[in-house]
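**Q** Following this message is one structure expressed as structure tokens.
The values are calculated or read from the model by the stated rules, or taken from the named source; none is laboratory data. Because the structure is a prediction, the values reported are computed rather than measured. In this analysis, Cβ positions are derived from the backbone assuming ideal geometry, glycine residues included, and neighbour counts consider all displayed protein chains.
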Amino acid sequence: MHNYHLKKVLVAFILSFSIIVHAQEKVALTSQFSIEGKLKNPFVFSFKEAAGYAVVSIDSLVIYNHLHERKRVINHIKGILLKDILTKAAIDEGSPKLLSEYYITCIASDGYKVVFSWNEIFNTEIGNHILIAIEAGGLKAEAMPDRMLLFSAMDINTGRRFVKGLNKIVVERAN
């Protein structure tokens, strides 16, 4: 009986420690990201390039987790549409019909990944609400605590595709 109790305590300690360690991880801030994959014009986007794009404004965005619990609110957001950046990079595909087979993976500096389909970005209203923030809460991009920040404002649980420290966007075709 004593061994069983000791094993339970040890397992509980290990689980508690791993949760604490995971919670302490911070996302490395980024000031640029690469856009690569099956593209005609891969490039590196930095805040300097933002001036060449149309800016979209959002009054506020409530961030909900996977349980639809309110986690935080970001006010006064200005951003650039992901689809505008993808348009500049130009997917290297000759057949418009095959564009439906493409997906876009957005990867944070800590390895967190979110995925969008080409159709979702370019063929639904959601594409008009997937932004890379260049200003939030009155702070310019370089001073934002979550830079580079990408989010999908039309998602129900906005935190699921809320990428802090955006490091890379990869465009690929499903096989």
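**Q** Where residues in the range 47-59 are at pLDDT 95 or above and touching a strand residue (DSSP E or B) at 6+ places or on another chain (Cβ under 6 Å), which of them is surrounded by the fewest Cβ atoms within 10 Å (Cβ to Cβ)?
**A** Of everything passing the filter in the range 47-59, Ser57 is surrounded by the fewest Cβ atoms within 10 Å (Cβ to Cβ).
**Q** So which residues in the range 137-156 are modelled with pLDDT under 95, under 15 Å from Tyr112 (Cβ atoms) and touching a Phe, Trp or Tyr at 6+ places or on another chain (Cβ under 7 Å), if there are any at all?
**A** Met148 - this is the single residue of the range 137-156 that is modelled with pLDDT under 95, under 15 Å from Tyr112 (Cβ atoms) and touching a Phe, Trp or Tyr at 6+ places or on another chain (Cβ under 7 Å).
**Q** When only residues in the range 20-46 that are over 16 Å from Val170 (Cα atoms), surrounded by 10 or more Cβ atoms within 10 Å (Cβ to Cβ) and not hydroxyl-bearing (Ser, Thr, Tyr) count, which is modelled with the lowest pLDDT?
**A** Within the range 20-46, the match that is modelled with the lowest pLDDT is Val27.
**Q** Could you count how many residues in the range 111-121 are in contact with a helix residue (DSSP H, G or I) (Cβ under 9 Å, 6 or more places away or on another chain) and either of a type in the set (D, E, K, R) or surrounded by 17 or more Cβ atoms within 10 Å (Cβ to Cβ) (or both)? Before you say what the answer is, go through the steps one by one.
**A** Taking the range 111-121 as the starting set, the residues that turn out to be in contact with a helix residue (DSSP H, G or I) (Cβ under 9 Å, 6 or more places away or on another chain) are 114-121.
Those still in the list that are either of a type in the set (D, E, K, R) or surrounded by 17 or more Cβ atoms within 10 Å (Cβ to Cβ) (or both) too: 114, 116-118, 120-121.
Residues flagged as in contact with a helix residue (DSSP H, G or I) (Cβ under 9 Å, 6 or more places away or on another chain) and either of a type in the set (D, E, K, R) or surrounded by 17 or more Cβ atoms within 10 Å (Cβ to Cβ) (or both) within the range 111-121 amount to 6.
**Q** Of the numbered conditions (1) over 17 Å from Gly37 (Cβ atoms); (2) touching a residue at least 40 places away in the same chain (Cβ under 8 Å); (3) loosely packed, with under 14 Cβ neighbours inside 10 Å, Leu98 fails exactly one; give the number of that condition.
**A** (1)
Rundown of residues vs (1) out of contact with any Cys (no Cβ under 7 Å at 6 or more places or on another chain); (2) part of a strand (DSSP E or B); (3) touching a residue at least 60 places away in the same chain (Cβ under 8 Å), yes/no style:
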residue	(1), (2), (3)
Gly127	yes, no, no
Leu131	yes, yes, yes
Phe151	yes, yes, yes
Asp155	yes, no, no
Val163	no, yes, no
Glu172	yes, yes, yes
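**Q** Test Arg147 against the criterion of being closer than 23 Å to Ser100 by Cβ and under 13 Å from the mean Cα position of the chain (by Cα), and give yes or no.
**A** Values: closer than 23 Å to Ser100 by Cβ: no; under 13 Å from the mean Cα position of the chain (by Cα): yes.
No: the conditions fail for Arg147.
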